[in-house]
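The structure under discussion appears below in the form of structure tokens.
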Amino acid sequence: MISASAHPNVALIKYWGKSHDALRIPATPSLSIPLLAFRTETSIEVARKRDEVILSGQEDKSGRIANWLRILRGDLGLDMPPLTVRSSSNFPSAAGLASSASGFAALTLAINALLDLDLDMPSLSRLARLGSASAARSVSTGFIALDGRENAHTAWSAQKVLDYDAWPLGVCVAICSHTPKAVSSAAGMNRSRDTSPAYNAWLTGNRQMFERTVNAVTARDFEALASAARWSFFGMLTVMQSSVPPLNYFNESTCAVIQAIKTLQDQGVPVFFTCDAGPHVKCVHLPEYAALVEARIRAVPGVLEAIQACP
Ligand code: 2P0
């Protein structure tokens with residue numbers, strides 16, 4: 001039996017929209033940091049007859065992982081026996097905390113070890129991307145960029161822009177619900193691509209912000225990072241809200257946390273917020289403000305937990 005683990009990540013420059021559905025090729029580049037306090041552990045062993053996938057102790061009925069294993073064996077020609085996969089996370093799944101990212105990344109790392117593939121990071125990230133595009137950013141830690149210029153599988157892989165230790169930003173996560181989301185990210189982003197009048201402007205603007213963010217991270221410029229992340233978040237939100245029918249992943253507590261962070265910003269605290277396809281708010285700050293940011297989030301009515309995700 002082989003075990004591997006991976007962390008989910010939070011995108012500061014967002015991926016929202018695909019240019020190729022089956023190959024999960026993103027329509028824009030993205031850039032993330034890891035949520036180190038959150039972890040998915042995955043073990044695999046050779047099965048007798050067929051693949052078996054057990055997530056948090058329950059058989060996976062979605063078929064998503066089994067389908068990905070078929071792609072690895074079929075399209076990519078990996079010579080892989082039937083597997084029993086067991087996976088569990090120390091955070092809520094399917095509620096916007098990127099459990100598919102850490103799940104597919106951990107499974108990719110385990111398969112790499114089981115089959116002795118000895119793949120490098122770009123190759124690992126390409127395999128993980130075929131399961132979930134954000135998983136491409138979870139096969140390593142640090143400031144991770146997922147970029148590609150052509151609409152081709154081999155063109156899209158992750159690269160490390162900077163080690164996390166070189167700029168250990170804090171991330172406090174406000175958990176605002178334990179309810180699974182009603183519309184999956186995959187369905188939501190396809191709806192945005194197919195119906196939002198803001199979609200094309202989003203693609204162009206997000207790429208520009210990505211380029212700026214790579215420079216901001218390299219220069220460790222918090223203000224520039226915050227500014228680009230703000231654009232990317234509100235750009236994605238505009239596209240979600242202008243989709244038909246509109247996509248809403250937030251609740252009242254989400255909005256209350258955002259208000260609390262805006263108040264901190266007005267007081268000069270170096271912090272910014274970002275959200276994904278779920279109600280939780282990720283508040284990114286310089287490390288020395290961890291206690292202050294956490295205390296303010298904890299005091300917001302409706303917040304279920306405030307977790308420092310980057311110790
Ligand atoms: C991101 N999200 O960049 C963006 C921001 C949600 C909002 O990646 O269809 O689960 O499996 O590739 O990776 C969530 O989408 O979607 C996501 P698929 P995924 O983190």
- In segment 170-257, trypsin sites (Lys or Arg not before Pro) in a DSSP loop with at most 15 other beta-carbon atoms within 10 Å: ARG220
- Please give the solvent-accessible surface of PHE222 in Å², to the nearest 10, using a probe radius of 1.4 Å with every protein chain present. 20
- Message: So, for the chain, what is the accessible surface per residue at a probe of 1.4 Å, expressed in square angstrom?
- Response: 42
- Heavy-atom accessible area ranking, 1.4 Å probe, most first, across SER88, SER140, SER232: SER88, SER140, SER232
- Return the calculated 222 nm mean residue ellipticity for the chain, to the nearest 500 deg cm²/dmol, obtained by summing -39500 (n - 2.57) across DSSP H runs with n ≥ 4 and dividing by the residue count. -11500 deg cm²/dmol
- Can you send over the solvent-accessible area of LEU130, 1.4 Å probe, protein chains only, in Å² to the nearest 10? 10
- Expressed as a percent, the accessible surface of segment 2-164 that is carbon or sulfur, using a 1.4 Å probe and the full set of protein chains, is 45
- For the chain: relative contact order, % (alpha-carbon pairs under 8 angstrom, 6 or more apart): 21
- Query: Given LYS262/LYS282; LYS181/LYS282; LYS14/LYS160; LYS14/LYS282; LYS160/LYS181, which pairs have Cα atoms separated by over 19 Å?
  - Reply: LYS160/LYS181
- Task: Report, in debye and to the nearest 20, how large the dipole of the chain comes out about its Cα centre when Lys and Arg carry +1 and Asp and Glu carry -1 on their Cβ.
- Result: 620
- Query: Taking springs between alpha-carbon atoms closer than 10 angstrom, which of TRP16, TRP156, TRP68 fluctuates most in the Gaussian network model of the chain?
  - Reply: TRP68
- Relative contact order (%) - segment 170-310, alpha-carbon pairs under 8 angstrom, separation at least six: 42
- Gyration tensor on Cα atoms of segment 170-310, a ≥ b ≥ c root eigenvalues, a/c under 1.5 rounded, else prolate if a/b beats b/c, else oblate, says oblate
- THR28 accessible area, 1.4 Å probe, all protein chains in place, Å² to nearest 10: 0
- If the cut-off is 18 Å between C-alpha atoms, which aspartates and glutamates fall inside it for LYS49, apart from same-chain ones fewer than 8 positions away? GLU59, ASP60, ASP79
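The values are calculated or read from the model by the stated rules, or taken from the named source; none is laboratory data. Predicted model only: the values in this text are computed from it and were never measured. Please note: Cβ atoms are built from the backbone with ideal geometry, for glycine as well, and neighbour counts cover all protein chains shown. Side chains are part of the model used for accessible areas, which takes the heavy atoms of the whole protein and leaves out ligands, DNA and RNA. Shrake-Rupley method; radii C 1.70, N 1.55, O 1.52, S 1.80 Å.
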